[in-house]
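Accompanying notes for the structure given below.
The values are calculated or read from the model by the stated rules, or taken from the named source; none is laboratory data. Remember, it's a predicted structure, so these values are computed and weren't measured experimentally. Cβ placement follows ideal geometry from the backbone for every residue including glycine, while neighbour counts extend to all protein chains displayed. Keep in mind that these areas ignore ligands, DNA and RNA; they rest on the heavy atoms of the full protein, side chains included. Shrake-Rupley method; radii C 1.70, N 1.55, O 1.52, S 1.80 Å.
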Amino acid sequence: MNLLLADALVAAHFLFIAFVVAGGALVIFWPRAAWLHLPAALWGAVVEFTGWICPLTPLENHFRALGGSYNYSGDFIAQYLLPLIYPENLTREIQFALGAAVVAINIIFYTLAIRRHRRVAAG
């Protein structure tokens with residue numbers, strides 16, 4: 001059960017990261033999504049810029065330890081999600097670049113959202 005919880009946390013962590021990066025696209029069509037997305041994007045950028053550890057990471061490790069495993073042996077989570085969430089050779093420079101990418105991508109999405117909203121309101 002603990003390993004299942006750890007895997008569920010990895011999946012949730014991945015979905016949260018995807019929302020941080022691309023959730024601004026939702027705002028283009030559903031402006032109220034900004035109430036959820038802006039705090040998430042801010043959190044994601046701050047974690048990258050400061051080098052903080054997301055609280056989901058130690059929680060996942062805790063459940064893996066309780067389950068008696070740190071071994072990510074061959075399942076979908078280990079094969080595809082873990083390398084995206086925890087890339088090898090992650091440096092402070094890479095973290096800063098990732099934080100800058102989150103900010104830049106979301107500036108683009110929010111610019112598009114504002115333009116669309118103004119177009120819809122005007123016409």
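Key figures for this structure:
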quantity	calculated
Only one of Asn89, Asn71 that is farther than 20 Å from Gly44 by Cα and either modelled with pLDDT under 85 or not in a helix (DSSP H, G or I) (or both)	Asn71
Selection count, the range 1-45, where residues are part of a helix (DSSP H, G or I), aliphatic (A, V, I, L, M), more than 12 Å from the chain's Cα centre (by Cα) and over 18 Å from Ile114 (Cβ atoms)	6
Boolean, Val46 is at pLDDT 90 or above and surrounded by 15 or more Cβ atoms within 10 Å (Cβ to Cβ)	no
Counted residues, the range 17-28 - those being touching a residue at least 24 places away in the same chain (Cβ under 8 Å) and open to solvent by 70 Å² or more (accessible area, probe 1.4 Å)	0
